[in-house]
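Everything below concerns the one structure shown next.
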Amino acid sequence: MAEPLFEVAGLSKRFGAIAALSGVGFSVRDGEVLGLIGPNGAGKSTLFECLAGVLPSDAGTVKSAGRSLAPRERSPLLFYVPDGIAPWPEQPVAWALDFTLGFFRGRTALRAQVVEQFALTPLLHQPLGTLSKGQRKRALLAIGLLSPQPALLIDEPFEGLDLRQARETAAALRSHAARGRTLFLSIHQISDAARFCDRFVLLSAGRVCGEGTVSELAALAASRGAAVPGSALEEVFLALT
């Protein structure tokens, strides 16, 4: 079993009377593909934004190697790839990749590989703001993979991609995970998560309902007296939430 790369405990965030996150806790293991799954509105994006320091949390800790990290201290550990953004919209894709390598001291040796994996060659001279949703998603994933941080937090990695692109993207991400990159992915389509992730954090209404592999989650559901028909992740999620 891999050692935890970082651990989250008691993470909470409110927006007025709404509790977006309530006492969230889980661990992220070194070199794993961890899926954060839950319906729209469960708090997945809020969780990622709090972990990355984009939003201040109201309570909770993030620890790595036994040390609690303030939000500003997490940047060497985590790189966050949000969904639905167009950074530097007037700059071409090639500029964004090279900026990532230069400013963040990224993984220069991977540039040619990610350009090929995400079919970016025809887009290299196209401004980011003019890309379609799927094209922009592929460019953002390439930017994330070129970053130097050991863990990537990716919000909806398959959003905007067609079936072929989603499968190619999954294969590309898995190839980087196989070399030790830790991937923490927010995915609302449970079937996508089931095919791709090693372990899962189940989030519902801002609370963690379970953490582990499908078999571990099924055992957790059984221990709580829930009947799980079969061992599909969808059924386990419904039983625990």
Condition check: assigned to a helix (DSSP H, G or I) and either surrounded by 19 or more Cβ atoms within 10 Å (Cβ to Cβ) or modelled with pLDDT of 95 or more (or both). Does L173 satisfy that? yes
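Restricting attention to the stretch 55-85, report how many residues are over 18 Å from G10 (Cα atoms) and aliphatic (A, V, I, L, M). If you could, list the steps in order and put the result at the bottom.
Let us first name the residues in the stretch 55-85 that are over 18 Å from G10 (Cα atoms), namely 72-73, 75-85.
Adding the requirement that they be aliphatic (A, V, I, L, M) leaves 77-78, 81, 85.
Total satisfying the criteria: 4.
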By residue number, the members of the stretch 29-53 that are over 17 Å from L217 (Cβ atoms) and loosely packed, with under 15 Cβ neighbours inside 10 Å are D30, N40, G41
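Take the residues in the stretch 207-241 that are part of a loop (DSSP other than H, G, I, E, B), out of contact with any helix residue (DSSP H, G or I) (no Cβ under 8 Å at 6 or more places or on another chain) and closer than 29 Å to G60 by Cα; name whichever of them is modelled with the lowest pLDDT. Don't jump to the end; show me each part of the working.
Taking the stretch 207-241 as the starting set, the residues that turn out to be part of a loop (DSSP other than H, G, I, E, B) are 213, 224-232, 241.
Retained after the next criterion (residues that are out of contact with any helix residue (DSSP H, G or I) (no Cβ under 8 Å at 6 or more places or on another chain)): 213, 225, 230, 241.
Going one step further and asking which of them are closer than 29 Å to G60 by Cα, we end up with 213, 241.
Working: T213: 93, T241: 84.
Result: T241.
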Please enumerate the residues belonging to the stretch 106-131 that are polar (S, T, N, Q) and either surrounded by 19 or more Cβ atoms within 10 Å (Cβ to Cβ) or modelled with pLDDT under 95 (or both). Q117
Taking strands (runs of 3 or more DSSP E) that do not extend beyond the stretch 56-166, which have at least 1 residues that are among the acidic types (D, E)? 151-155
Please work out which one of (1) loosely packed, with under 15 Cβ neighbours inside 10 Å; (2) closer than 22 Å to R181 by Cα; (3) modelled with pLDDT of 95 or more is the condition F26 fails and give its number. (1)
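The values are calculated or read from the model by the stated rules, or taken from the named source; none is laboratory data. Computed from a predicted structure; not experimentally measured. All Cβ positions, glycine included, derive from the backbone under ideal geometry; neighbour counts span all protein chains shown.
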